[in-house]
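Accompanying notes for the structure given below.
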Amino acid sequence: MSTMSMSGALNLALADALDADERVLVFGEDVGPLGGVFRVTDGLAARFGDRRVFDTPLAESGIVGTAIGMAVNGMRPVVEMQFDAFAYPAFEQITSHLAKMRNRTRGTVEVPVVIRIPYGGGIGGVEHHCDSSEAYYTHTSGLRVVTPGTPQDGYDLLRDAIDSPDPVIFLEPKRRYWSKGEVVAGRPRTGFDRALVRRPGNDVTLIAYGPMVATALETAEAAKEEGWDVEVVDLRSLSPFDDETVCESVRRTGRAVVVHEAAGFGGYGAEVVARVTERCFHHLHAPVLRVTGFDVPYPPPKLEEHFLPGVDRILDTIGRLQWDDEVCGA
């Protein structure tokens, strides 16, 4: 057991995967000697050599297209998009080819590609550096989409992603790269597509993922002053979705709030609300609510604290959950 940052846990996961399987390759923009913009690949090129960890041209479509070709020929590429919005030039390769290849070949061709994408805000980044683009990928059948909320999950989920026969979009919450926690590399890993209850509670289920997991846990502590016992569920896997764990929690608490950084309209939280409402309707004491980013392009750094969901906004939303059993709309 070691205490390390999420970036350190991701680095360890890559190193262990490279060490365990010679088919694993790591490549992308500046991931070689520099170690990546966020230093997630620091030291890997020196340890494993530039045939297995190497830099590419600034051409995201070419990076993903090359990874697809390598994967169908037996390799297991792990590529980095450097920043969330930088991945958009590769979107056609991802949605038209990576996601569909296995289905197109009736399962005869596996495409075990992992696309690492640092995503979300909270680092004072400018436009094109702070998008939360998870809904684009979860809407694309054929892709697994996962995002860690803790250093331990950074390690576990990345190892699972690299081992998966399916293509995986691995969303790394860049604002949590420096958050620290205990990491055990050799323990049995939680199921790749399972959500986890991070904090038990009885009054309301707070559903979060990625960068918002820590914010949700902070909110749960603050909610005790209001007399609310908040359960926090970390989705971990955005696609496929763990209906069982989420709905078991909501049926027990009777109330739910979904939190994410991305804009609300058409956002991933809308799907979560729909699934929970369909499956838990007769157990709900109030409509399922969302706390999200606003429906505007990501703001300049000095304004991002107003855009990103925080403890106060989440507490205000929990307070709207009809605690006195008032009629909706009354």
Some residue of the range 98-108 being surrounded by 17 or more Cβ atoms within 10 Å (Cβ to Cβ) and touching a helix residue (DSSP H, G or I) at 6+ places or on another chain (Cβ under 6 Å): yes
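I'd like to check which strands (runs of 3 or more DSSP E) are fully inside the range 95-209 and have at least 1 residues that are more than 28 Å from GLU231 (Cα to Cα).
114-119, 168-173
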Looking at HIS283 and the list (1) within 18 Å of the chain's Cα centre (by Cα); (2) of a type outside the set (A, V, I, L, M, F, W, C); (3) surrounded by 14 or more Cβ atoms within 10 Å (Cβ to Cβ), which single condition is not satisfied? (1)
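Mind telling me which of the residues ASP50, ASP42 ends up being in a loop (DSSP other than H, G, I, E, B), modelled with pLDDT of 95 or more, closer than 25 Å to ARG175 by Cα and out of contact with any Asp or Glu (no Cβ under 9 Å at 6 or more places or on another chain)?
It is ASP42.
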Flagged in the range 286-317 as open to solvent by 60 Å² or more (accessible area, probe 1.4 Å) and among the aliphatic types (A, V, I, L, M), in numbering order, are VAL296, LEU303
Take the range 1-31 and flag every residue that is in contact with a Phe, Trp or Tyr (Cβ under 7 Å, 6 or more places away or on another chain) and free of Cβ contacts under 8 Å to residues at least 60 places away in the same chain. LEU18, PHE27
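Residues in the range 182-190: is at least one within 25 Å of GLY120 (Cα to Cα) and touching a Ser or Thr at 6+ places or on another chain (Cβ under 7 Å)? Spell out how you get there, then give the answer.
The first filter runs over the range 182-190 and keeps only residues within 25 Å of GLY120 (Cα to Cα), leaving 182-183, 190.
Filter once more, so that each one left must be touching a Ser or Thr at 6+ places or on another chain (Cβ under 7 Å): 182-183.
Within the range 182-190 (the criterion being within 25 Å of GLY120 (Cα to Cα) and touching a Ser or Thr at 6+ places or on another chain (Cβ under 7 Å)), the answer is yes, since at least one residue qualifies.
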Go through the residues of the range 18-33 one by one and say whether even a single one is assigned to a helix (DSSP H, G or I), touching a helix residue (DSSP H, G or I) at 6+ places or on another chain (Cβ under 6 Å) and crowded, with 16+ Cβ neighbours inside 10 Å. yes
Scan the range 141-158 and tell me whether some residue there is more than 25 Å from PRO299 (Cα to Cα), at pLDDT below 95 and among the basic types (Lys, Arg). no
How about the range 67-90: which of its residues are touching a residue at least 12 places away in the same chain (Cβ under 8 Å) and more than 23 Å from ILE123 (Cβ to Cβ)? ALA67, ILE68, MET70, ALA71, VAL72, GLY74, MET75, ARG76, PRO77
Of the residues that sit in the range 194-221 and are open to solvent by less than 30 Å² (accessible area, probe 1.4 Å), aliphatic (A, V, I, L, M) and touching a residue at least 24 places away in the same chain (Cβ under 8 Å), which one is farthest from PRO309 (Cα to Cα)? ALA195
Looking at ARG76, is it open to solvent by less than 40 Å² (accessible area, probe 1.4 Å), more than 19 Å from the chain's Cα centre (by Cα) and charged (D, E, K, R)? yes
For ARG255, indicate whether it is of a type outside the set (A, V, I, L, M, F, W, C) and open to solvent by 40 Å² or more (accessible area, probe 1.4 Å). no
Give me a count of the residues in the range 234-292 that are without any contact (Cβ under 8 Å) to a residue 60 or more places away in the chain and of a type in the set (D, E, K, R). 10
Residue count, the range 120-145 (criterion: under 19 Å from GLN93 (Cα atoms) and either touching a residue at least 12 places away in the same chain (Cβ under 8 Å) or among the acidic types (Asp, Glu) (or both)): 12
Is it fair to say ALA9 is touching a strand residue (DSSP E or B) at 6+ places or on another chain (Cβ under 6 Å), crowded, with 22+ Cβ neighbours inside 10 Å and either modelled with pLDDT under 95 or assigned to a helix (DSSP H, G or I) (or both)? yes
Identify the residue in the range 140-193 that is of a type in the set (Lys, Arg) and in contact with a Pro (Cβ under 8 Å, 6 or more places away or on another chain) and, among all such residues, is most open to solvent (accessible area, probe 1.4 Å). LYS180
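How many residues does the range 162-193 contain that are among the small types (Gly, Ala, Ser) and over 26 Å from LEU308 (Cβ atoms)? Even if it seems obvious, please write down each step before you answer.
Let us first name the residues in the range 162-193 that are among the small types (Gly, Ala, Ser), namely 164, 179, 181, 185-186, 191.
Checking which are over 26 Å from LEU308 (Cβ atoms) leaves us with 164, 185-186, 191.
Result for the range 162-193: 4.
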Looking at the range 79-96, which of its residues are more than 12 Å from VAL26 (Cα to Cα) and buried (at least 24 other Cβ atoms within 10 Å of the Cβ)? ASP84, ALA87, ILE94
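The values are calculated or read from the model by the stated rules, or taken from the named source; none is laboratory data. Keep in mind that this is a model prediction, so the values were computed, not measured. Glycine gets a Cβ as well: all are built from the backbone with ideal geometry, and neighbour counts include every protein chain shown. We work out accessible area using only protein heavy atoms, side chains counted, and drop any ligands, DNA or RNA first. Shrake-Rupley method; radii C 1.70, N 1.55, O 1.52, S 1.80 Å.
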